[in-house]
There are 2 protein chains.
Amino acid sequence: MNYYCYSNGKVLRKNEIKVGIVDLVMLRGYGVFDYLRTYYGKTFHINDYLTRFEQSAKGMKLKLPLKQKEIISVINHLLKKNNASEKKDFGIRLLLTGGYSLDSYLPAIKPNLFILIENLPHYPDWYSTKGIKLMLSEHKREMSRIKTINYLTAIHLSDERRKLKAQDTLYCYDGKILETTRNNFFLFHGNTLVTAKNDVLQGISRKAVIELARRKFKVEVRAMLKKEINSCSECFVTGTTRGVTPVVQIDNKKIGNGKPGKNTLELIKMFNEIVNKECR
Amino acid sequence: MNYYCYSNGKVLRKNEIKVGIVDLVMLRGYGVFDYLRTYYGKTFHINDYLTRFEQSAKGMKLKLPLKQKEIISVINHLLKKNNASEKKDFGIRLLLTGGYSLDSYLPAIKPNLFILIENLPHYPDWYSTKGIKLMLSEHKREMSRIKTINYLTAIHLSDERRKLKAQDTLYCYDGKILETTRNNFFLFHGNTLVTAKNDVLQGISRKAVIELARRKFKVEVRAMLKKEINSCSECFVTGTTRGVTPVVQIDNKKIGNGKPGKNTLELIKMFNEIVNKECR
């Protein structure tokens, strides 16, 4: 949809936003982004997202032209202009590029900042009720703590994933489970919840779920071994667009009894409760 | 410089080429490119470059809208229109992007193709006559045989490289020497020339130099160990813009006597001879 978006200080329809070909984002894949969403028309944990966006920019040595407060004000303006409401939610993509490079290699002094309003992806209901299947693949994201725009491997693997009828790819590396292409991954051993500490994106939903889980379960944030897939009782993924989604199969291995686990369902409930509490 | 360039079937000045923000190259860093040059106004080994570009497109599952012959015809048209001559050489950048994605994730049916005419980078004369210094860094390029636009690590390391007064970064990984950020790397043990076989870009200058070297030296294309830096007698890099450039230092280790080696100088001479023969 052709929503009102933000482009370097201007509010434009999305199809009016055009970027000069010498932006380093096109010549060298140099850019960072972030992606948040609304629930019931209101943003969720926006400060966490904007702090991460700032950290990504800093990590890639790009100077963010707006402060957090200014970005929030732009986002609120865009949501209003696009008629966000209790009944109409949006995805909000922040994109900071390397800018118009003089030598096709080194970042410009002034990066380009875009804030795009998008429709949220629609996932079938059974993703949440029946759980999804993941395909394992050996890969570690380059600069894994920075949210760069590099999804080369993820997108490249899409065809294989579809052939295997998996809903996402789970990256493992050197005997450890890391994350999926766009979500964090968790597993339960009984009432102990485990998620990877290093070499993964520090997800905002991951953070929220870890905090919630600590109220009811033992939580271990540590290296998560690939072989734990064979012994775990439940798995799920967390992400901005998917919330908490049960995982019932990884490659050919069924998890638990092949249905969403009770602890996972409990966390989904708790997650929905804080969304309702904070946004409704 | 604002040269005439090609954008999806149109010839435009570079600053007139604008790309819609939803191109997957900006949202997900999804694109491939190639870069060739002219010598004395004529392209050098253009078929090798275009074949590699086709392979990169295929490797990333992008459909190249033009055939080799058609691309050559566009390039010749652009060179003429920009007054390429014996005295004015250009770099030619081919860029194929993921196109305007419907869901911000999967490539479009129709990628976008750009052919950009650029000034060649200018390197100081001493790079060739005195040789350059490299900084070692542990890294392996994702999808190393495909020329993707991903230079996140390379660009990110630029500040450190400058501080160390090195002219480029040499990637090593798991005890092996691979390549620099944009060049292939070679070393001599006496009259035996070695370069990496796997996990490196299959450079067109690399290919030309290997063929030339076989006339005079023993050539080994194989895994090149990091510890060989300590025992080698000469090093150099090859690349489209740099040709053959001697390397006289890697981190704190001086190579040979700290001056360009005689075999390297011989290869530079041979390389210049084929350039003259084919383009002059």
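Key figures
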quantity	calculated
Odd one out for B:L62 among (1) over 30 Å from A:Q167 (Cβ atoms); (2) within 14 Å of another protein chain (Cβ to nearest Cβ)	(1)
Within segment B:1-28, tally of residues that are within 19 Å of A:T97 (Cβ to Cβ) and of a type in the set (G, A, S)	2
Residues (under 30 Å from B:K269 (Cβ atoms) and touching a Lys or Arg at 6+ places or on another chain (Cβ under 9 Å)) located in segment B:104-123	B:I117, B:E118, B:L120, B:P121, B:Y123
Residues that are open to solvent by 10 Å² or more (accessible area, probe 1.4 Å) and closer than 17 Å to A:K262 by Cα, drawn from segment A:173-219	A:H189, A:G190, A:N191, A:T192, A:I210, A:R214, A:R215, A:K216, A:F217, A:K218, A:V219
Members of segment A:96-127 found to be touching a helix residue (DSSP H, G or I) at 6+ places or on another chain (Cβ under 7 Å) and at pLDDT 95 or above, listed by number	A:L96, A:T97, A:G98, A:G99, A:I115, A:L116, A:I117
Any hit, segment A:92-113, residues being more than 30 Å from B:L116 (Cα to Cα), open to solvent by 40 Å² or more (accessible area, probe 1.4 Å) and either of a type outside the set (D, E) or not in a loop (DSSP other than H, G, I, E, B) (or both)	no
Among residues of segment B:41-83, those that are in contact (Cβ under 8 Å) with a residue 24 or more places away in the chain, over 21 Å from B:K207 (Cα atoms) and of a type outside the set (A, V, I, L, M), counted	7
Residue count, segment A:159-172 (criterion: in contact with a strand residue (DSSP E or B) (Cβ under 6 Å, 6 or more places away or on another chain) and either open to solvent by 10 Å² or more (accessible area, probe 1.4 Å) or at pLDDT below 95 (or both))	3
Count of segment A:93-121 residues which are more than 23 Å from the chain's Cα centre (by Cα) and aliphatic (A, V, I, L, M)	4
Scan of segment A:87-118 for residues that are more than 18 Å from A:V11 (Cα to Cα) and either outside the structural domain of A:R37 (by TED's automatic domain parsing) or basic (K, R) (or both), ordered by number	A:K87, A:K88, A:K110
Among (1) farther than 30 Å from A:E118 by Cα; (2) modelled with pLDDT under 95 - the single one B:I75 does not satisfy	(2)
Filter result for the condition that a residue is surrounded by 16 or more Cβ atoms within 10 Å (Cβ to Cβ), of a type in the set (D, E) and more than 13 Å from chain A (Cβ to nearest Cβ), over B:D23, B:D34, B:D48	B:D48
Set B:I132, B:I146: member being away from every other protein chain (no Cβ under 12 Å), surrounded by 15 or more Cβ atoms within 10 Å (Cβ to Cβ) and over 22 Å from B:Y40 (Cα atoms)	B:I132
A:G243 on the phi > 0 side of the Ramachandran plot and either touching an Asp or Glu at 6+ places or on another chain (Cβ under 9 Å) or among the basic types (K, R) (or both)	no
Those residues of segment B:62-91 which are touching a strand residue (DSSP E or B) at 6+ places or on another chain (Cβ under 6 Å), under 30 Å from A:H122 (Cβ atoms) and surrounded by fewer than 18 Cβ atoms within 10 Å (Cβ to Cβ), in sequence order	none
Yes/no for B:S144 being modelled with pLDDT under 95 and not β-branched (V, I, T)	yes
Helices (runs of 4 or more DSSP H) enclosed by segment B:126-176 - at least 3 residues per element that are hydroxyl-bearing (S, T, Y)	B:126-129
Leading residue by the ranking (nearest to B:R145 (Cα to Cα)) among those in segment B:52-83 that are in contact with a Leu (Cβ under 8 Å, 6 or more places away or on another chain) and assigned to a loop (DSSP other than H, G, I, E, B)	B:M60
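The values are calculated or read from the model by the stated rules, or taken from the named source; none is laboratory data. Being a predicted model, the structure only gives us computed values, none of them experimental. Cβ sites come from the backbone with ideal geometry, for glycine too, and all protein chains shown count toward neighbours. SASA here: full protein model, heavy atoms, side chains in, ligands and nucleic acids out. Shrake-Rupley method; radii C 1.70, N 1.55, O 1.52, S 1.80 Å.
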